[in-house]
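Input: a single structure, listed below in structure tokens.
The values are calculated or read from the model by the stated rules, or taken from the named source; none is laboratory data. The model shown is predicted, which means the values in this text are computed figures rather than measured ones. Reconstructed Cβ throughout: ideal geometry from the backbone, glycine too, with neighbour counts over all protein chains shown.
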Amino acid sequence: MGKVLGAVISPHPPIIVSEIGRGEEVKAQNTIDGVKAVSSYIKEKSPTTIIVITPHGPLFSDAISISAERNLYGDFGNFWHKEVKLEFENNLELMKKIINNSLKEGIRIVAIDNSTARRYRVENKLDHGTMVPLYFVDKVYKNFKLIHITYGLLSPQELYKFGRCIKEAVLDSDDDVILLASGDLSHRLSHDGPYPYSPYGRVYDEKIVDVIRKGNMEDIVTFDLELAERAGECGLRSFMVMAGFLDGYKVESEVFSYEGPFGVGYCTAKLDIKGEDSDKDMLKILKERERKKIEELRKNESPYVRLARMSLEHYIKTGKYIDVPPDTPEELLKARRGVFVSLKKNGMLRGCIGTIEPVTENVAHEIIRNAVAAGTEDPRFDEVTEDELDSIVYSVDVLYEPEKVNSKDELDVEKYGVIVSCGFRRGLLLPNLEGVDTVDEQISIALRKANISPYEDYTIERFRVDRYY
């Protein structure tokens, strides 16, 4: 019978590798000391296998990827040091158990071998999210096999379930395992960082470090995704998988270090197993939290959102559009405006469709049409199914008439949405969206949606919205 030994958290800035940093690594000395402490803990536990969860391998929106070749190789060629390389034996037997457990739970898995790497046009080598922490581990401990996993952009509950699938596979094996959750914290801590500064960056880092320090696994899985998006982090999903891996255990955590050089937050920590905690059914707790949240939203939803929800529910169950309910407020019946309906599930976008200008007789009909379209016609997602309806969270944006602007100075990402136009191509982005913190980002996304090059001669319009929940 295998054994879950614990888990560790490590950031992955290549600059802390001495060959790459060339002296600059001293600016992150606390992080280097923390990663060395993580490596010492791994050596002390002497796992037969290390499972790495990374953000930077082959990333899929609807699936988790697992490297499937017998030997796993990586180097720092992307950082001008191809001579710095690592190679490990893949634990193929345990990998297959993880895949089988995941498929039984309905979690999609892509096994990345040379063939699938060519098919999906992804690299089949260890990424820097794996290489950086293992660079330090390899210096003090070598007697282990490796499993290399890249999380998918799945819901928190699915990632947590996947972590449990890993745990059950380990217990059904002959391996003693440590899970290494690779991930940086906010990338928006300063104006000198790799992304535009956001005040949410420091807030996110303080909250997530506190959660890790306390070892509150349920608080990781239920963490505010909007705050995480605004902070520009990359590690939260790794931590969610880790939380599932530690399900059913009493955990003693220790944060070795936290600092934010280079505008990016780095945290190192260990989560040591101190016995079983079978009384707590975490998945049940998570589902109950989500149920109560949805229930509260339903109690307080606006007439706009109620109509959107009723429209989609009726269409999914009957295949027909709902008639305008007799108790619909007059303001929805008299006004004609463009409307966008957005759907979220487990904190993640599930669909969004709208009209810039009205195409029906009033706002009520606009909501009915666009709510159904958001659930059934958004090309980015599968159609919403009936068993999902109780989990969908709605918002409705009612648009004011667009007005042309002559300069980016007239825009404000929180106050105004933006429309870019070039010929017959138009791209729209709503205001006050999580993860969109600057005007340049807003315009860039709208241009991509319209397939307009930033070098083309395009016009910009702005618009205000009334947003309803």
Checklist entry - On the given criteria, is TYR195 within 19 Å of the chain's Cα centre (by Cα) and surrounded by fewer than 22 Cβ atoms within 10 Å (Cβ to Cβ)? => result yes
Checklist entry - So which of ALA111, ALA117 is in a strand (DSSP E or B), within 24 Å of the chain's Cα centre (by Cα), outside the structural domain of ARG350 (by TED's automatic domain parsing) and surrounded by fewer than 21 Cβ atoms within 10 Å (Cβ to Cβ)? => result ALA111
Item to check | Criterion (assigned to a helix (DSSP H, G or I) and either on the phi < 0 side of the Ramachandran plot or more than 21 Å from the chain's Cα centre (by Cα) (or both)) met by exactly one of LYS125, LYS97, LYS142 | outcome: LYS97
Item to check | Single condition VAL324 does not satisfy, out of (1) farther than 29 Å from PRO199 by Cβ; (2) touching an Asp or Glu at 6+ places or on another chain (Cβ under 8 Å) | outcome: (2)
Next on the checklist: Could you tell me how many of the residues in region 304-326 are of a type outside the set (A, V, I, L, M), assigned to a loop (DSSP other than H, G, I, E, B) and under 15 Å from VAL363 (Cβ atoms)?
Outcome noted: 1
Checklist entry - So which residues in region 38-59 are buried (at least 18 other Cβ atoms within 10 Å of the Cβ) and among the hydrophobic types (A, V, I, L, M, F, W, C), if there are any at all? => result VAL38, ILE42, ILE50, ILE51, VAL52, ILE53
Next on the checklist: Within region 340-348, does at least one residue satisfy the condition of being in a loop (DSSP other than H, G, I, E, B), surrounded by fewer than 19 Cβ atoms within 10 Å (Cβ to Cβ) and free of Cβ contacts under 8 Å to residues at least 60 places away in the same chain?
Outcome noted: no
